[in-house]
Amino acid sequence: MSSLTAEPIMPDYTAEYQESSTSYEVPPCEAGDSCNLPTDIVLRSSDGTRFGAHIRNLEIYSDGFPMANSVVNSHEDVELSEDSDVVMLLLKFMHHQPQPDLSLLASKLLIKFANAAEKYGVYCATGVCKVMIGISVNDQPFDAFLYAQKHGYSSIMDKAGKLALTQEPAKFFAYAHSIGDTTWRDLAELETHNLPTKEVFEALKQYPDWPPIFGAWYYKRELMREAIFDTLKNPIPVQHKGGQMRCADWYPFYIEVLSRSNVTTKIAVVDANGLADRIAELYWLGPSPE
Ligand SMILES: [Zn+2]
C-alpha cells in the first residue's frame, strides 16, 4: 500500500496493472447524495474500511490528496491514518452538496475531523471546523488547544489553554514543558500547587519522558515552598512584654499545632511519637526552648 501525504504520489504506470486490474475492486461512492460519478481510487481508513472515491474531486476540493494523473493506474489502496468516521466526512465535504451539520458531531470526532481537514487542505471544511471548535471549546479544552496551536488559531488557543490548565493542570504542565513553552508551563504549574505531589506524579508518569518533567515541576514547587517556609520561620519582629522580639509561649504552641494538624502522621512511616518535637527543633528559629 502507498501512504497518502501532502506530497503527490508519483505515477506508477505499469503493464502489470493492465493484467491485474480486473481483480482490483473499487467500491462505489457512499459519500455523495445520489452520486453517480465513477469511483477510480480507494482510500483505506486506519480501521480498515475501503472507500471508493473520485480522484477528480480529491484534486478539486483538497490540497493534500494526490493529483488525478499521479495515481490513476496504481491499483493500490491509499492508506490513511484517519479512522473511517473522519474519512467519510472528508469525502462528503469533497462533493458539491449540502454539507453535514458539524454541530451534531461529538467533540472528539469534531477535533479529529478538523485536524484532518487542515492536514489535507479541505478548505470548504476548515473554516466551519474552526468556528465550531471555537464555540465548543469547553468540551475538550486540551485537545482544542493542541488543534489551535498546531494551526495557528491564537484566539482559540488562548481561550482553550486557560481552560485546559485549570481542568488538567498536571497534564497541561507536562505538555507545555515538553514543547518548551515556558509561559504556558509556568501558568499550569501555578495551578498544581493545590494538588498533592502524588497526584501530580501519577499524572506525569503517563509521559515517556516524565522524570525530567517531574524534576522541573518539583524544582519550581520547592522554590515556592522554600519562600513560604522562610516567611513562616522569620515573621516580622513584634515587640513583646519585656522588650522581647518574639513570644516565648509560641514554641509549645507550635508543637501543639504540628500535632493537631496531623503533620506527623503524614510524613512518618513508623511511630510518630516525638516527631512533632523533632520537627519543631529543626524548623523553629525562635528562642531556644528550655
Ligand atoms: Zn461521489
Condition check for Val131: assigned to a helix (DSSP H, G or I), at pLDDT 95 or above, surrounded by fewer than 17 Cβ atoms within 10 Å (Cβ to Cβ) and away from the ligand (no atom under 16 Å from the Cβ)
yes
Within segment 172-189, residues in a helix (DSSP H, G or I) and charged (D, E, K, R) come out as Arg185, Asp186, Glu189
Can you pull out every residue in segment 141-171 that is among the acidic types (Asp, Glu) and either within 21 Å of Pro208 (Cα to Cα) or outside any helix (DSSP H, G or I) (or both)?
Asp143, Glu168
Kindly establish whether Asp63 is surrounded by fewer than 20 Cβ atoms within 10 Å (Cβ to Cβ) and either farther than 28 Å from Leu163 by Cβ or in contact with a strand residue (DSSP E or B) (Cβ under 6 Å, 6 or more places away or on another chain) (or both).
yes
Scan of segment 38-56 for residues that are more than 11 Å from Met94 (Cβ to Cβ) and assigned to a loop (DSSP other than H, G, I, E, B), ordered by number
Pro38, Thr39, Asp40, Ser45, Ser46, Asp47, Gly48, Thr49
Return the residues of segment 173-183 that are under 13 Å from the mean Cα position of the chain (by Cα) and either modelled with pLDDT of 90 or more or polar (S, T, N, Q) (or both); say none if nothing qualifies.
Ser178
For segment 20-43, check the following and say yes or no: at least one residue is at pLDDT below 55 and more than 17 Å from Phe113 (Cα to Cα).
yes
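The values are calculated or read from the model by the stated rules, or taken from the named source; none is laboratory data. No experiment lies behind these values; they were computed from the predicted model shown. Here the Cβ is made from the backbone with ideal geometry for all residues, glycine too, and neighbour counts use every protein chain on show.
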